[in-house]
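Peer 1: Let me begin by handing over the structure; questions about it come next.
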Amino acid sequence: MSNDIILDIQNITKQFPGVTALDKVSIKIKKGEIHGICGENGAGKSTLMLILKGVHPYGTYEGCIQYNGEELKFDKGSIRQATEAGIAIVFQELTLVSNMTVGENVFLGREPREGAGINWNKLYSDTQAILDKYHLDIDANEIVKNLGVGKMQMTEIAKALSENAKILILDEPTSALTEAEIDKLMEILKNLKSHGVTSIYITHKLPELFRITDSVTVLRDGKVITSQPTSQLNEEMLIKYMVGREIKERFPKRKNKPGKVIFEVHGLRAVDPNVSNKEVVKGVDFDIREGEIFGIAGLMGSGRTELVTTLFGEYGKITEGIIHLHGEDVRVSGSYDAMKKGISLVPEDRKRFGLVLIQSIQKNISLANLDQFSTAYRINFNAENKACDSFAQRLAIKAPNLSVLCQTLSGGNQQKVVIAKWLMSNPKILIMDDPTRGIDVGAKYEIYKLMNQLSEEGIAIIMISSDLEEIIGMSDRIMVMSQGRSMGILEKKDFDREKIMVMATGLVKNHNMVEKEKIP
Amino acid sequence: MSDTSSFLKKQIKENIQTYAILLAMAFVWALFSFLTKGMYIGSQNFSNLFRQMTVTSFLAVGMVLVIVTGNIDLSVGKVAGFVSVVVAKFQDDIWFNVMPNNELLTTILSVLIGIGVGTIFEAIQGYLISYLHVPSFIVTLGGSWILNGAILVVTEGKTIAANQPIFSYIAQGYLPPIAGWVMAGALILIMFLTMFQSRRNKVKYGFTPAPIALDITRTIFLSILITVYVYIVNQYNGVQFPVLLLAITAVVMAYISGNTPIGRYAYAIGGNREAARLSGVNINKSIFKVFVFMGILCGISGVVLASYVGYGTIAAGSGYELDAIASCILGGTSTLGGIGTIFGAIIGAMLMASLTSGLQMLNVTAAWQYILKGIVLVLAVYADVYLKKSR
C-alpha cells in the first residue's frame, strides 16, 4: 500500500433491518487531498460518515478501514475514539451551544484545567491562536448566537482543528451559507489543505465539487458508482452517475405566461414583533401575477424570510404600506387567516418549522387542513386518509404507507410532505422559502416540475432561494433584497449571476428599474 | 393468513410500549398472587384495587394531554383536594342549613359546584399559561400553594363530613349484579356494532379494512376481558360505581385526544410548536382548552375523593399530582411532549395501585412502600429508554 493513502475504506457493507445501506464500498482517500462525496439522499453517505465517526462501531459492519496503515476499530458507544484518532465531522446541523462563547464551544468537554477550575485565559488564548492560524475571522470571546451561520460553521471547524483533526469531514457544509460565505469556506479549505489537513467534502452542489475537490466519489443505492480525479469529470457525467439516468436539463421548461396581477405590495415596512424599534422590512414594492414564479434573491439577513413571514401574518408588525389581494386591501392576522385568504407558506428549515417529525405523514399533511374533514367533535379518518393519500400520490412521496413517521423520511420526501400540507389548503399564492435546501438532485427536479405544474394551474408562486442557478432557472422575475430593502426587480432577459450578486451585496440598485419607476 | 400475521407484527411493533407495560402488570399481579397465596386476586381485593385507583386516575387522564402539549400541572392534587373540601362544605354545612331534607338535590348541586370550582381554577391557570405565557411549572406551583391556603380557609382547620348516603354512592356504590351483566352485554354489543360500522365506512371510502379475523379476534378478546371483570367483581359487591365513572371518562378523553381536532392539535403542539403555529393551529386556545379539560377532571376527582373518604380534610389531595404524573410517565407519556395515551396512563395508574395494594397485603411498611415505588418508577422509565434505543 502506498504511503500517500491516509484512509483506505475496503469493502464496507452495512446492513440495517431490511435495507443494505452500504454494499461493498471501497474508497481510497489520499493524504492532504479534498475528496468530494456526492450522491442522492439515501445513497449511503451519512451511513459511511457515521461509521468513520464510530457511531456505528466496529463489528456492526463488514469490511475494514485502514487509517494510516492501521485498521480502525472503534468500540461501541465511544465517539471520542474517532476524535482522538484525528477524524472530525462538521455536521449538517450545527452542534454548538448557542449561549456559550466561541472559546467555550471549541474546548467544550476538554477545558484546560487550573486546579479544580477552568483556566479561562489559556482557553481563550488557545482558541484565538487556532482561529488566527487558519485565518478564521472570529473573536474567541463572541457569544455563538451572535454569529452568522457561516461563522458558526467556522467555529465548528476550529473546534475540529483544535482536536488535531487529520481528516475533516464536512457534511453539506454550504447548505445554509450565502455565496460570500461559501467563497470564504472554500478559501479556508484550501488553506487547511496547505497545512496538510485532508478533507472529505459531502455535498449536493455540483459546482462546489469542481471548485474545490481533487477527486470525487459518487455513491448510489449504497454502492460506489465511480471514484476518480475531479479533472476527469464534468457536471453532466456526475448527474448521470448520481441519478442513474440522464437529466437533460436541470430546470424543466414551462410554457404558460403569467396572467393578471393578484397580489400587490406597496411601500411595505415592518418591525420585529419583539423589538419594536428594529425595522426588518424597510420599504418593499412588488406585484405578482397568476401563474407566475416570482423569485426573491438575497443573502442571509437580507430580510427575505422576514418579508414573506410578515406577508403570511406570522412575524413582522406592519408599520406602513399597502397589501392588495385581488385588488382589495387586506391585512393578514396570522397563519390561519392567511390560509383562509388563499396564501400558503412552505417555511424555511422543514425540521424546525415545517414538520412534526414524531408524527405520521398523514397527520402532518392534514394538520393545516383538519377543517376540511372534521367538525369540532369528530375527525373523519377515512376522508382524511383519502385526501392525504391523493396528495401523497400527486407529489410521489416515497413511503410504504401514510402512517410512517416523518423523522424516518429522507429530506426530499420530508419536503414533499410539507408541500403537500400546504397544497391541500388550496392556495392561490404559494410562498416557498428555500424549498430545495439540502435535498438531492432527483428530488429537486421533481419539486421544480411540481412548481411548474402549479403555476400552469394559475397559482402564483413566490420562491426564495439561496441557490442562484435555481432562482435564475425557475423564476419569471427576480426581486433582489438587501438589508430589508428591495434593490430592484429583474425581468427574465436581465437575469445575470453577477448582477444579482452585486445588487444583493447592497452596493448598486438596479438602474433600469429605478428609471422605469420614474417615467410615469 | 400471512396478511394477518404481518399486520399483527406491525401492531406489536408500533405499540411495544403498551404491551411492555401490560406485561409488567401481569408480572406484578402474578408475583403478588403467589406471595399472598392467591388472596391478591381474590374478588374482594381485586374489587378494592380498582376502586382505590380511581381518584388519581381521573387526574392522570387529564394530565396526559397537559404533558403532551409540553406543559405540566403541579396543582392537580391540591385542586382535587380543594374541590373535595368545597363539596363537603356545601353538602354538610350550607345546603344542610338551606334545604335540610333534600338529599338528592344537595348532592347534585354540590357535585356541580365541585366540578365548577375545579374547572374555573384550572381555567384561570390555563389562561395565565397559554395567553400570558407564564411557564406552567411556575403557575401551577403557585396555584398549589394558593389552594393549600384556601383549603385551610374553607375548613378552618377542621374535618368536614361528607357522608350522606346518596353522595357516598359516587365512590362507594356498587351496581347490582344483574345491572352489571346487562351493562356488559350492552357494551359488547356496541363494540361489535362499531367494529362492523367502521369496516363498512372504510369500504365506502375505498379502503381495504384490516383482516376480518383480526378485528373479530380483538373484539372477542376485549369482550372476554369485560366478562371476566364483571364476573369477578360480581363475586364481591358488583361493578364499582367510581370505576364505571372512570371508564366512561377515560373513553371520552381518549376520544377527544384521538378523534377530535383539539386532541390532534395538542399532539402537534407538543411535537413541534412552531410547525403547528405556522399550520394555522391556535396554540394559545388549544393549550387553554387542555387546561379546562384538566379542570373538569380535577373536579370529578375531587368529588370522588370526598365521597371516597367521606369527609374533607386539610390534607386532602396532597401528593396526588405526583402520582398522576408518574402514572402518565409509566404509561408511556413523553416528558418532552407530543407522545402519550390515555389508555397508557390508566394502565400506569393501575400498576401503581397494584403495587401499593400488594405491598399493603404483605404488611410492608409505608416507608418501604415509598422506596419500592420510587425504584419501580425509575426502573420502568429506564427500561423504556433502553427499549427505544435497541429498537
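Peer 1: Give me the helices (runs of 4 or more DSSP H) completely within the range B:231-281, filtered to those with at least 2 residues that are polar (S, T, N, Q), ordered by residue number. If you could, list the steps in order and put the result at the bottom.
Peer 2: Values: elements: B:241-259, B:261-271, B:273-278.
Result: B:241-259.
Peer 1: Tally the residues that are surrounded by fewer than 16 Cβ atoms within 10 Å (Cβ to Cβ) and touching a strand residue (DSSP E or B) at 6+ places or on another chain (Cβ under 6 Å), restricting the search to the range A:245-259.
Peer 2: Of the residues in the range A:245-259, 1 are surrounded by fewer than 16 Cβ atoms within 10 Å (Cβ to Cβ) and touching a strand residue (DSSP E or B) at 6+ places or on another chain (Cβ under 6 Å).
Peer 1: Looking for something in contact (Cβ under 8 Å) with a residue 24 or more places away in the chain and within 19 Å of the chain's Cα centre (by Cα) - is there at least one such residue anywhere in the range B:85-103?
Peer 2: So far as the range B:85-103 goes, no, none of its residues is in contact (Cβ under 8 Å) with a residue 24 or more places away in the chain and within 19 Å of the chain's Cα centre (by Cα).
Peer 1: Restricting to the range B:164-194, and then to whatever is touching a Phe, Trp or Tyr at 6+ places or on another chain (Cβ under 7 Å) and not in a helix (DSSP H, G or I), can you tell me which residue is nearest to B:Gly299 (Cα to Cα)?
Peer 2: Among them, the one singled out is B:Gly173.
Peer 1: From the list B:Leu109, B:Leu193, B:Leu214, which one is hydrophobic (A, V, I, L, M, F, W, C), within 26 Å of B:Leu244 (Cα to Cα) and not assigned by TED's automatic domain parsing to the domain that holds B:Thr56? Don't jump to the end; show me each part of the working.
Peer 2: Working: B:Leu109 fails: not assigned by TED's automatic domain parsing to the domain that holds B:Thr56; B:Leu214 fails: within 26 Å of B:Leu244 (Cα to Cα).
None of the other options fit; the residue is B:Leu193.
Quick grid of which residues meet (1) more than 14 Å from every other protein chain (Cβ to nearest Cβ); (2) without any contact (Cβ under 8 Å) to a residue 40 or more places away in the chain:
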site: A:Phe294; (1), (2): yes, no
site: A:Ser302; (1), (2): yes, no
site: A:Leu307; (1), (2): yes, no
site: A:Ile318; (1), (2): yes, no
site: A:Val332; (1), (2): no, yes
site: A:Arg350; (1), (2): no, no
site: A:Leu355; (1), (2): no, no
site: A:Ser360; (1), (2): no, no
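Peer 1: Working only within the range A:16-73, note down all residues that are acidic (Asp, Glu) and surrounded by 16 or more Cβ atoms within 10 Å (Cβ to Cβ). Can you show your working first?
Peer 2: As a first pass, look at the range A:16-73 and keep what is acidic (Asp, Glu): A:23, A:33, A:40, A:62, A:70-71.
Correct list: A:Asp23, A:Glu33, A:Glu40.
Peer 1: Scan the range B:200-228 for residues that are away from chain A (no Cβ under 14 Å) and either touching a strand residue (DSSP E or B) at 6+ places or on another chain (Cβ under 6 Å) or touching a residue at least 24 places away in the same chain (Cβ under 8 Å) (or both) and jot them down. Please lay out each step first, then the result.
Peer 2: First, the residues of the range B:200-228 that are away from chain A (no Cβ under 14 Å): B:211-228.
B:Pro211, B:Ala213, B:Leu214, B:Thr219, B:Leu222, B:Ser223, B:Ile226, B:Thr227, listed by residue number.
Peer 1: Please enumerate the residues belonging to the range B:127-142 that are surrounded by 15 or more Cβ atoms within 10 Å (Cβ to Cβ), closer than 13 Å to B:Asp73 by Cβ and of a type outside the set (A, V, I, L, M, F, W, C).
Peer 2: B:Ser130, B:Ser136, B:Thr140, B:Gly142
Peer 1: Something else about it: As an exercise: evaluate B:Ala316 against (1) at positive phi; (2) away from every other protein chain (no Cβ under 14 Å) and give the number of the one condition it does not meet.
Peer 2: So B:Ala316 meets the others, but not (1).
Peer 1: Name, by its number, the condition in (1) more than 22 Å from A:Pro173 (Cβ to Cβ); (2) within 14 Å of chain B (Cβ to nearest Cβ); (3) of a type outside the set (Phe, Trp, Tyr); (4) in contact with a Lys or Arg (Cβ under 6 Å, 6 or more places away or on another chain) that does not hold for A:Gln414.
Peer 2: Failed condition: (1).
Peer 1: Looking only at the range A:180-192, which residues are of a type in the set (D, E, K, R) and crowded, with 17+ Cβ neighbours inside 10 Å?
Peer 2: Looking only at the range A:180-192, we keep the residues that are of a type in the set (D, E, K, R), and these are A:181, A:183-184, A:187, A:190.
Hits for the range A:180-192 are A:Glu181, A:Lys184.
Peer 1: Additional query: Residues of the range A:334-348 being basic (Lys, Arg) and at the interface with another protein chain (Cβ under 9 Å from one of its Cβ atoms), which ones? Full working, then the answer.
Peer 2: Within the range A:334-348, the subset basic (Lys, Arg) is A:340-341.
Matches in the range A:334-348: A:Lys340 only.
Peer 1: Here's a follow-up. Mind checking which residues of the range A:113-171 are farther than 13 Å from A:Leu192 by Cβ and among the basic types (Lys, Arg)?
Peer 2: Hits for the range A:113-171 are A:Arg113, A:Lys122, A:Lys145, A:Lys151, A:Lys159.
Peer 1: For the range A:362-381, what are the residues that are over 15 Å from B:Gly280 (Cβ atoms), surrounded by 17 or more Cβ atoms within 10 Å (Cβ to Cβ) and facing another protein chain (nearest Cβ under 7 Å)?
Peer 2: A:Ile379, the sole residue that qualifies.
Peer 1: Within the range A:193-204, does at least one residue satisfy the condition of being touching a residue at least 40 places away in the same chain (Cβ under 8 Å), of a type in the set (A, V, I, L, M, F, W, C) and over 30 Å from A:Thr20 (Cα atoms)?
Peer 2: Yes: the range A:193-204 contains one or more residues that are touching a residue at least 40 places away in the same chain (Cβ under 8 Å), of a type in the set (A, V, I, L, M, F, W, C) and over 30 Å from A:Thr20 (Cα atoms).
Peer 1: Just checking, which of B:Ala171, B:Ala276 is farther than 30 Å from A:Pro347 by Cα and either within 19 Å of the chain's Cα centre (by Cα) or in the same structural domain as B:Gly337 (by TED's automatic domain parsing) (or both)? Explain how you work it out, then say what you get.
Peer 2: Working: B:Ala276 fails: farther than 30 Å from A:Pro347 by Cα.
So the residue among B:Ala171, B:Ala276 that is farther than 30 Å from A:Pro347 by Cα and either within 19 Å of the chain's Cα centre (by Cα) or in the same structural domain as B:Gly337 (by TED's automatic domain parsing) (or both) is B:Ala171.
Peer 1: Any chance you could count how many residues in the range A:220-241 are among the small types (Gly, Ala, Ser) and not in a helix (DSSP H, G or I)?
Peer 2: Applying the first criterion (among the small types (Gly, Ala, Ser)) to the range A:220-241 yields A:222, A:227, A:231.
Okay, now just the ones that are also not in a helix (DSSP H, G or I), so A:222, A:227.
Selection size over the range A:220-241: 2.
Peer 1: Additional query: So which residues in the range A:318-337 are in contact with a helix residue (DSSP H, G or I) (Cβ under 8 Å, 6 or more places away or on another chain) and not β-branched (Val, Ile, Thr)?
Peer 2: Initial filter on the range A:318-337 (in contact with a helix residue (DSSP H, G or I) (Cβ under 8 Å, 6 or more places away or on another chain)): A:318, A:323, A:332, A:335.
Within the range A:318-337, A:Ser335 is the sole residue that qualifies.
Peer 1: Something else now. Criterion first (within 22 Å of A:Gly39 (Cβ to Cβ), buried (at least 18 other Cβ atoms within 10 Å of the Cβ) and touching a residue at least 24 places away in the same chain (Cβ under 8 Å)) does A:Leu177 satisfy it?
Peer 2: On the way: within 22 Å of A:Gly39 (Cβ to Cβ): yes; buried (at least 18 other Cβ atoms within 10 Å of the Cβ): yes; touching a residue at least 24 places away in the same chain (Cβ under 8 Å): yes.
When the stated conditions are applied, A:Leu177 passes them.
Peer 1: Among the residues of the range A:127-148, which ones are loosely packed, with under 15 Cβ neighbours inside 10 Å and either assigned to a helix (DSSP H, G or I) or within 22 Å of the chain's Cα centre (by Cα) (or both)?
Peer 2: Matches in the range A:127-148: A:Ala129, A:Asp132, A:Lys133, A:Lys145, A:Asn146.
Peer 1: Of all residues being at the interface with chain B (Cβ under 10 Å from one of its Cβ atoms) and part of a helix (DSSP H, G or I) in the range A:388-406, which is farthest from A:Thr203 (Cα to Cα)? Just the residue, please.
Peer 2: A:Asp389
Peer 1: Sticking with this structure for a sec: Among the helices (runs of 4 or more DSSP H) confined wholly to the range B:32-116, which include 1 or more residues that are among the charged types (D, E, K, R)?
Peer 2: Working: elements: B:43-52, B:54-68, B:76-89, B:95-98.
In the range B:32-116, B:43-52, B:76-89 are the helices (runs of 4 or more DSSP H) which contain 1 or more residues that are among the charged types (D, E, K, R).
Yes/no matrix, rows are residues, columns are (1) under 30 Å from A:Gly354 (Cα atoms); (2) away from chain A (no Cβ under 11 Å); (3) at pLDDT 95 or above:
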position: B:Tyr236; (1), (2), (3): no, yes, no
position: B:Ala250; (1), (2), (3): no, yes, yes
position: B:Ala275; (1), (2), (3): yes, no, no
position: B:Gly280; (1), (2), (3): yes, no, no
position: B:Phe291; (1), (2), (3): yes, yes, yes
position: B:Ile296; (1), (2), (3): no, yes, yes
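The values are calculated or read from the model by the stated rules, or taken from the named source; none is laboratory data. Every value quoted in this text rests on a predicted model; they were computed, and no experiment measured them. Cβ: placed from backbone, ideal geometry, glycine included. Neighbour counts: every protein chain shown.
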